[in-house]
């Protein structure tokens, strides 16, 4: 796992928040297209609304996955060696005075 500075982590988390916003926008579009598709069942426009709804759902899912991937990349797994080293580097008193095995039991 690569080590990131505080500024790099903040940048990655900022990108994750932007991806969340885009996912929300596409989710809202999917909901709106779905409502139109439900009202227009059997009409000539039904396939257009359904296709637009499906495309918006796929986009929303893509951005949600991207946000999750970015968060996982920026933040080490809980109670992992990477988290211990990160906290030790940041000056956490528990990480500085305890071994990894002791710290993990906290």
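Of note:
- Computed lengthening from residue 25 to residue 99, 0.36 nm per intervening residue step minus Cα-Cα distance: 22.1 nm
- Relative to the dominant Cα principal axis of the chain, helix 81-90 is inclined by about 70°.
- Calculated P(r) tail over 23 Å for the chain, as whole % of Cα pairs: 51
- Folded to 0 to 90 degrees: helix 6-39 orientation relative to the chain principal axis, Cα: 20
- Mean sequence separation of contacting Cα pairs (under 8 Å, at least six apart), scaled by the length of segment 1-75, corresponds to a relative contact order of 48 percent.
- Counting 0.36 nm for each residue step from residue 48 to residue 68 and taking away their Cα separation leaves a gain of 4.2 nm.
Each value in this text was obtained by applying a stated rule to the coordinates, not by laboratory testing. Treat the numbers as computed from the prediction; the structure is a model and nothing was measured.
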